[in-house]
Amino acid sequence: MLKTIREKIAYLRGIIDGDPSMTEGRNGFLFAKVLQILEDMAQEVDELAQAQDELEEYLQEVDYDLAYLEDELFLDDDDHVCGCDDDDEWDDSDEDSLVEVECPVCEDIVTFDEDFLFDEGVQIRCPRCDAVVFETADFEELNDLFDEDDVLEEPDED
């Protein structure tokens, strides 16, 4: 049986060329134009199929590259996804190192990394109203931010 579009067009051309009444006059002109349009369409379909194949190959290579990068960036030495435990639940231990401060102007809660507490010259601003919600200060002022059980100790100056 006929498989490709080109084979089907060739079959139709054979039928038209085999019957002299179909090639004469207006019918012949019409059939010739229809066959030409069909051949042009077949050519474009072939080009689209080739472009699709190339695109699929390219996409597969990008997928392989992305999988490699994910493995390199998100897997730890034991082949576990970083930040996740064995049950694929997000490990929220990083949330322990976050500090929440209420903005004195708009009362919005601003969250930032606890490490900023220990850096000098840090100023945290509210993203909503741009008011200063935290500035690094001496350790006595920092201790006021924590409960009595969580008092920070001054580092030894060497």
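Below are the figures for this structure:
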quantity: Boolean, Glu141 is in a helix (DSSP H, G or I) and at pLDDT 80 or above; calculated: no
quantity: Residue among Glu47, Glu57, Glu61, Glu39 that alone is at negative phi and touching a helix residue (DSSP H, G or I) at 6+ places or on another chain (Cβ under 9 Å); calculated: Glu39
quantity: Candidates Tyr68, Tyr58, Tyr64, filtered to the one that is over 30 Å from Ala10 (Cβ atoms) and at pLDDT 90 or above; calculated: Tyr58
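The values are calculated or read from the model by the stated rules, or taken from the named source; none is laboratory data. The shown structure was predicted, so the numbers you read here are calculated from the model rather than taken from an experiment. With ideal geometry, Cβ positions are generated from the backbone for all residues, glycine too; neighbour counts draw on all protein chains shown.
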